[in-house]
1. Can you tell me how many residues within segment 75-84 are in contact with an Asp or Glu (Cβ under 9 Å, 6 or more places away or on another chain) and either at pLDDT 95 or above or open to solvent by less than 40 Å² (accessible area, probe 1.4 Å) (or both)?
2. Just to verify a result, which residue in segment 250-265, among those that are of a type outside the set (A, V, I, L, M, F, W, C) and open to solvent by 60 Å² or more (accessible area, probe 1.4 Å), is modelled with the lowest pLDDT?
3. Which ones in segment 183-198 are more than 24 Å from Glu266 (Cβ to Cβ) and either acidic (Asp, Glu) or modelled with pLDDT under 95 (or both)?
4. In the list Glu193, Glu173, Glu169, which residue meets the criterion of being under 23 Å from Pro64 (Cα atoms), surrounded by 14 or more Cβ atoms within 10 Å (Cβ to Cβ) and in contact with an Asp or Glu (Cβ under 9 Å, 6 or more places away or on another chain)?
5. Looking at (1) part of a helix (DSSP H, G or I); (2) at pLDDT 90 or above, which is the one condition that is false for Ala61?
Amino acid sequence: LPDDGFSCSPGTRADCTTDCGSSGWATCADDCTSEARCAAPAEACANGGDDDCDTATDEPACCPAGMLGIPGGPFKMGSDAGEGYPDEDPQHVVELSAYCIDRTEVTNAEYRQCVADGACGPLDLGGPVFPLPDDYDTNRTYDQYPAANVRWTDALAYCEWAGKRLPTEAEWEKGARGGCEVVQPESCGPEDERVYPWGDAPPTCALTIAGRHEPCRRGPEDVAARPAGASPYGLLGMAGNATEWVADWYDDAYYWTCATGCADPEGPATGTSHVRRGGGWESSWRMIRVAYRGP
């Protein structure tokens with residue numbers, strides 16, 4: 001066997017330093033022709049660094065239980081002129097830092113814990129925005145249904161109680177649509193403009209709970225009931241079931257401030273309405289597109 005110049009004895013270990021500066025150890029191969037890379041520490045969460053030296057930062061594995069990691073990088077936000085509503089124009093590229101987001105909509109059971117602790121307002125299971133499902137049973141608690149009829153202020157309070165925050169509008173849309181790294185080539189193009197979380201295929205009842213004129217179901221359902229309709233990152237309920245609040249104030253012309261691109265936008269500083277995303281069980285197909293936004 002050739003001697004590639006490693007000065008080691010088979011199986012021995014030695015301290016070393018990786019290219020990105022983290023320390024670890026290396027093991028000499030049995031034939032002394034190669035040497036294992038230094039063992040780097042695990043990726044830390046949300047610190048913006050490449051802790052394990054693999055050229056990626058804040059990887060999905062670092063997210064808390066029940067959350068999924070969305071990698072940093074660009075995505076295409078909004079719709080081309082004529083494809084959606086005017087407040088979705090112009091389509092523009094947004095650069096986002098990596099972040100973690102809940103895999104599903106917040107459930108009744110989760111929200112009730114916040115109510116019990118006195119941090120959230122009451123949950124109205126049969127309110128006007130959340131009509132009772134077809135198979136409503138007064139003996140059921142509907143624990144795994146999405147918490148609905150929740151005001152924006154209570155959604156904010158729940159997130160703070162849970163040690164989290166509401167996503168920005170841009171974070172919500174990237175989580176639903178996928179970033180430009182999802183489809184090759186790894187630069188933003190037409191292939192990154194999927195209409196729904198699952199792609200461009202028309203909605204079906206196997207993918208979502210929605211459809212105002214021909215509803216799949218008259219009422220919401222379990223937050224994990226439609227895995228086939230997941231986003232590229234595995235997020236559920238991003239189209240239909242219950243509409244989600246995001247952190248931003250609503251401005252129908254806000255996208256023009258990012259027309260040439262922007263990074264980590266937080267939305268307008270003030271406003272009279274907040275943005276809702278994703279559509280609900282009663283929404284039309286047009287309202288569950290990933291680019292749809294409403295006040």
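The values are calculated or read from the model by the stated rules, or taken from the named source; none is laboratory data. Only a predicted model underlies this, so the values are computations on that prediction, with no experimental measurement involved. Cβ coordinates were reconstructed from backbone atoms using ideal geometry, including for glycine residues, and neighbour counts include every protein chain displayed. Accessible surface areas use protein heavy atoms only, side chains included; no ligands, DNA or RNA. Shrake-Rupley method; radii C 1.70, N 1.55, O 1.52, S 1.80 Å.
1. Going through segment 75-84 one residue at a time, the tally reaches 5.
2. Taking segment 250-265 first, the residues of a type outside the set (A, V, I, L, M, F, W, C) are 250-252, 254-255, 257, 260-261, 264-265.
Now drop any that are not open to solvent by 60 Å² or more (accessible area, probe 1.4 Å), which leaves 252, 257, 260, 264.
On the way: Asp252: 96, Thr257: 95, Thr260: 92, Asp264: 96.
Checked segment 250-265; the qualifying residue modelled with the lowest pLDDT is Thr260.
3. If we filter segment 183-198 for residues that are more than 24 Å from Glu266 (Cβ to Cβ), which is where we start, we get 183-187, 189-191, 194-196, 198.
Hits for segment 183-198 are Val183, Gln184, Pro185, Glu186, Ser187, Gly189, Pro190, Glu191, Arg194.
4. Result of the check over Glu193, Glu173, Glu169: Glu169.
5. (2)
Residue by residue, here is whether (1) surrounded by fewer than 21 Cβ atoms within 10 Å (Cβ to Cβ); (2) more than 25 Å from Gln113 (Cβ to Cβ); (3) among the small types (Gly, Ala, Ser) holds:
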{"site": "Val182", "(1), (2), (3)": "yes, yes, no"}
{"site": "Pro197", "(1), (2), (3)": "no, yes, no"}
{"site": "Arg226", "(1), (2), (3)": "no, no, no"}
{"site": "Ala239", "(1), (2), (3)": "no, yes, yes"}
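For (1) in a loop (DSSP other than H, G, I, E, B); (2) modelled with pLDDT of 95 or more; (3) in contact with a Lys or Arg (Cβ under 8 Å, 6 or more places away or on another chain); (4) charged (D, E, K, R), each residue gets a yes or a no:
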{"position": "Ala206", "(1), (2), (3), (4)": "yes, no, yes, no"}
{"position": "His213", "(1), (2), (3), (4)": "yes, no, no, no"}
{"position": "Arg217", "(1), (2), (3), (4)": "yes, no, no, yes"}
{"position": "Glu221", "(1), (2), (3), (4)": "yes, no, no, yes"}
{"position": "Ala225", "(1), (2), (3), (4)": "yes, no, no, no"}
{"position": "Leu235", "(1), (2), (3), (4)": "yes, yes, yes, no"}
{"position": "Ala242", "(1), (2), (3), (4)": "yes, no, no, no"}
{"position": "Trp245", "(1), (2), (3), (4)": "no, yes, yes, no"}
{"position": "Asp248", "(1), (2), (3), (4)": "no, yes, no, yes"}
